[in-house]
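A.B. asks: Before anything else, here's the structure in question.
The values are calculated or read from the model by the stated rules, or taken from the named source; none is laboratory data. It should be emphasised that the depicted structure is a prediction, and the values quoted were computed from it without experimental measurement. Because the Cβ atoms are built from the backbone with ideal geometry, glycine has one as well, and the counts that use them run over all protein chains shown. For the accessible areas, the whole protein counts, side chains as well, though only heavy atoms, and no ligand, DNA or RNA atoms are used. Shrake-Rupley method; radii C 1.70, N 1.55, O 1.52, S 1.80 Å.
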Amino acid sequence: MTKRNLVFYDAKCVLCDRAILWLINNDSEDVFRFSNISSPFAQQQSFTISQEAISILTSDGLYLKSSQAVLFLLLKTTR
């Protein structure tokens with residue numbers, strides 16, 4: 001079973017929505033799963049999810065937000 005990275009997004013920002021759509025279409029290795037930050041799943045997490053744009057819980061258990069999250073996404077999708 002492949003470990004996946006969880007991408008949390010706010011769904012209020014047009015830029016975030018477009019970024020998520022781009023990621024879905026370009027996730028050729030199927031390494032991402034997505035959750036709106038206001039979803040029941042996101043609310044059940046044991047850590048506080050950033051309310052700003054996109055954040056990620058990596059398959060290694062690291063929580064990334066802001067520019068770290070964006071860089072991680074770019075590196076994973078441009079291989």
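A.B. asks: Ordering Lys76, Lys12, Lys65 by how much accessible area each has at a 1.4 Å probe, largest first, what is the list?
C.D. replies: Lys12, Lys65, Lys76
A.B. asks: For the pair Glu29/Leu71, report the inter-label distance in nm, with labels modelled 7 Å from Cα in the Cβ direction.
C.D. replies: With each label placed 7 Å out from Cα toward Cβ, I get 1.8 nm.
A.B. asks: Whole-Hz ³J(HN,Hα) for each residue in the stretch 19-24, computed from phi via Karplus 6.51 cos²θ - 1.76 cosθ + 1.60 with θ = phi - 60°, x for glycine and proline: what do you get?
C.D. replies: 5, 5, 4, 4, 4, 4
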